[in-house]
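Notes follow once the structure below has been shown.
The values are calculated or read from the model by the stated rules, or taken from the named source; none is laboratory data. What you are looking at is a predicted structure, and each value in this text was computed from that prediction instead of being measured. Because the Cβ atoms are built from the backbone with ideal geometry, glycine has one as well, and the counts that use them run over all protein chains shown. Areas reflect the complete protein model, heavy atoms only, side chains present, ligands, DNA and RNA absent. Shrake-Rupley method; radii C 1.70, N 1.55, O 1.52, S 1.80 Å.
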Amino acid sequence: MNIKKYFISVFALLALASCGDKMDYHEYKVDDADYIKEMFSRVGGLSTTIYQQLDYDFGNYNGAMLSSATDESAYSHPGNAIEDFYNGAWSPSNAKNSIWTSCYKGISYCNLYLDEFQGLTFPDYQLDINYQKEMYQYKNYQWEARWARAYFYFLLVRQYGDVPLKTSNMDASEANSLPRTSAEEIFQFIDSECAAIKDSIETDYSNVGLSTTETGRATNLAVLALRARAALYYASPLFNTSNDTERWHQAALRCKEAIDACRAKGMSLNSDYMSLFQSDNYKDTKEIIFVRRQNSTTASNSFEKYNFPIGMENAGGGNCPTQNLVDAFEMTNGKAISEADSGYDPQNPYVNRDKRLSWIVAVNGEQWPNANPNPLEIYNGGANGSPITYATTTGYYLKKYCNPSTVIGATGANAFYHNWVIFRLAEMYLDYAEAMLNYTGSGYDSRDDLSMTAAEAVNVVRKRAGQPDMATGLSAADFRKKYENERFVELAFEGHRFFDVRRWKEAPDYFKNIRKMTITKSGEDMTYTTGVLKTRQWDDKMYLFPIPQSEIQKSGGVLTQNPRW
């Protein structure tokens with residue numbers, strides 16, 4: 001992609017002067033840099049274009065989410081491309097390279113902006129009433145571009161490890177000839193960029209006089225959250241092969257900085273967990289740090305069509321939560337369902353469970369969604385169960401991110417926005433807990449510069465769900481197991497699981513045996529039986545993605561492939 005030619009599509013940022021709480025993108029074609037530089041709105045459009053490359057996953061694989069390549073879910077449509085991740089079809093020529101493409105496109109836009117569009121004054125508009133506000137915002141665009149570039153590099157390094165580092169605008173031949181830079185250097189670049197911009201980037205877009213809810217643009221909290229998450233990955237076993245505890249120490253410090261900054265703004269966990277994943281989540285000022293916003297022309301019901309229960313008109317069944325995930329939800333007394341005296345009844349399996357189960361997963365016998373008038377019949381022969389084509393293969397349907405008010409039938413169909421949560425405060429607490437556990441070797445120890453223990457951080461997250469505090473006296477190994485379970489539950493379907501298990505290098509423990517619930521009905525009685533749905537393939541080379549073969553060819557062999565791909 002030759003960005004220097006300036007044959008680019010940019011998006012005018014129109015809503016900032018009107019409704020203010022959404023980033024609207026209206027595309028128009030330009031072919032000259034000088035044309036863009038004439039007006040603030042055109043430069044703003046170029047800046048906003050960068051955000052279009054941010055990641056999200058509302059069914060990126062023809063309806064399947066990345067969760068269905070993990071133990072979170074199984075996609076109910078056999079033969080979907082998501083199966084390539086575990087059926088042997090994944091390869092350098094089938095590299096699943098959307099992140100490579102979108103990130104380097106985004107990086108090219110960032111470099112173009114930083115090299116070519118700084119220092120402008122828009123002299124023809126100095127008498128406009130909004131000139132000072134626009135200049136205030138314009139000066140912030142450089143920090144947003146540097147944040148976005150660092151974020152794109154985080155996505156690349158967590159997926160590929162070593163990747164080419166491109167920090168200036170260059171033509172295609174120059175870009176294609178870059179060798180891979182070590183993952184260590186990429187992580188250091190991310191950290192140094194975040195450190196450099198965290199005190200310069202805007203803290204609150206209401207200061208600009210444009211909006212009180214400009215969560216579509218990165219603030220200092222997004223910078224701190226990125227720095228914290230990247231530090232956690234850098235400290236994790238996949239990238240920290242010597243288990244350097246100082247990396248965990250630095251990760252804990254960065255997480256603490258992010259948490260402290262959120263607290264200073266009065267943020268805490270939102271008591272309404274489900275609202276964090278609904279259409280107006282960008283308005284949340286309690287827990288949401290940053291969302292990838294959709295624009296006003298893309299309200300959609302596609303996600304609901306993919307995932308609403310079979311038996312509803314136009315429903316696809318979709319990404320069905322696994323028994324692995326459902327088993328991870330504790331009892332309300334804080335015990336795992338496998339623990340003695342937990343009170344778990346395998347024939348009444350959804351009673352007295354962690355509230356998050358009902359917030360994330362739709363189970364047999366409950367009424368879901370609003371347009372479905374009858375309780376779900378997920379049992380064999382039921383209205384929403386097998387043997388209907390594309391019915392759930394696991395015994396469950398997905399709630400999270402689905403809008404229950406959506407109507408997908410031919411009559412009265414409606415649509416809503418779907419905004420992808422990239423950073424939220426609960427994740428920061430969990431990231432901190434993991435860093436502290438590995439730094440101190442205990443779930444209960446603090447340090448002079450880190451007074452909150454890992455257990456105390458996890459308990460903040462558990463409290464929202466009404467779960468009791470973590471048990472005391474657990475060994476580091478047992479605490480780690482409970483922590484990983486907590487992260488599995490809290491962050492389900494947010495795009496973390498695929499990469500969490502990889503950075504822990506624990507995929508054989510989690511990703512091989514995918515389990516299901518089979519429900520049979522006899523008269524009015526239901527029988528619940530768990531079992532293995534599928535045994536998936538795993539090879540340790542899959543901890544990292546293959547470099548796309550097409551990119552290696554374009555580089556003339558300068559790019560090298562990841563081991564064993």
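Karplus couplings for the stretch 468-479 from phi (6.51 cos²θ - 1.76 cosθ + 1.60, θ = phi - 60°), rounded to Hz, Gly and Pro as x?
x, 4, 4, 4, 8, x, 6, 5, 4, 5, 5, 5
When the chain is fully extended, how far beyond the present Cα-Cα distance does residue 89 get from residue 300, taking 0.36 nm per residue of separation?
Fully extending the segment from residue 89 to residue 300 adds 72.8 nm.
With θ taken as phi - 60° and the coefficients 6.51, -1.76 and 1.60, list the Karplus ³J(HN,Hα) couplings across the stretch 354-363 in order, rounded to whole Hz; mark glycine and proline as x.
2, 4, 5, 4, 6, 7, 10, 10, 9, 10
Near the amide H of residue 453, under 5 Å away, which other amide H atoms are found, from residues 5 or more places off or on another chain, if H is placed in the peptide plane?
none
What do you get for the angle between helix 183-197 and the principal long axis of the chain? Use alpha-carbon atoms, 0 to 90 degrees, nearest ten.
Tilt relative to the chain: about 60 degrees.
What is the distance in Å between the Cα centroid of the stretch 297-359 and that of the stretch 110-151?
Measuring centre to centre over Cα atoms gives 46 Å.
List the residues, sorted by chain then number, that are 5 or more residues from residue 320 or on another chain and whose placed amide H is less than 5 Å from its amide H.
For residue 320, whose amide H was placed from the backbone, the distant partners under 5 Å are 74, 75, 76.
Structure shown: which of 96/305; 105/283; 400/463 lie over 27 Å apart, alpha-carbon to alpha-carbon?
Those over the limit are 105/283.
How large is the helix-only mean residue ellipticity at 222 nm for the chain, computed as the sum of -39500 (n - 2.57) over DSSP H runs with n ≥ 4, divided by its residue count, in deg cm²/dmol to the nearest 500?
The per-residue figure over the chain is -11000 deg cm²/dmol.
Write down the accessible area per residue of the chain in Å², having rolled a 1.4 Å probe over the full set of protein chains.
38 Å²
As a test, work out the antiparallel percent of DSSP beta bridges whose residues both lie in the chain, rounded to the nearest 5.
Bridges in the chain are about 95 percent antiparallel.
Give me, ordered by chain and number, the residues 5 or more places off residue 505 or on other chains with an amide H under 5 Å from its own placed amide H.
HN-HN under 5 Å from residue 505: 238.
With a cut-off of at most 16 other beta carbons within 10 Å, and DSSP calling the residue loop, which GluC sites (Glu not before Pro) in the stretch 305-384 qualify? Please list them.
For GluC sites (Glu not before Pro) across the stretch 305-384 that sit outside H, G, I, E and B with at most 16 neighbouring Cβ atoms in 10 Å, the list reads 313, 339, 366.
Taking only Cα atoms, what is the 0 to 90° angle, nearest 10, from helix 245-264's long axis to the longest principal axis of the chain?
Helix 245-264 sits roughly 80 degrees off the main axis of the chain.
Within the accessible area of the chain, what % is carbon and sulfur when the probe is 1.4 Å and the other protein chains stay in place?
The nonpolar share, carbon plus sulfur, comes to 47 percent.
In the stretch 130-234, which trypsin sites (Lys or Arg not before Pro) fall in coil by DSSP and have 12 or fewer other Cβ atoms within 10 Å?
Loop-located and lightly packed - none at all.
Compute the distance in nm between two label points, each set 7 Å from the Cα along the Cα-to-Cβ direction, one at residue 350 and one at residue 80.
Result for the modelled spin labels: 2.0 nm.
Between residue 561 and residue 204, what length comes free when the chain is fully extended (0.36 nm per residue of separation minus the Cα-Cα distance, one decimal in nm)?
Between residue 561 and residue 204, full extension yields 124.3 nm more.
If I take R0 = 56 Å and measure r between the Cβ atoms of residue 184 and residue 125 in this structure, what FRET efficiency does the formula 1/(1 + (r/R0)^6) give, to the nearest 0.05?
E(calc), rounded to 0.05, equals 0.80.
Through the Karplus equation 6.51 cos²θ - 1.76 cosθ + 1.60, θ set to phi - 60°, convert the phi angles of the stretch 313-319 into ³J(HN,Hα) values in whole Hz; use x for Gly and Pro.
Values, residue by residue: 4, 6, 7, x, x, x, 7 Hz.
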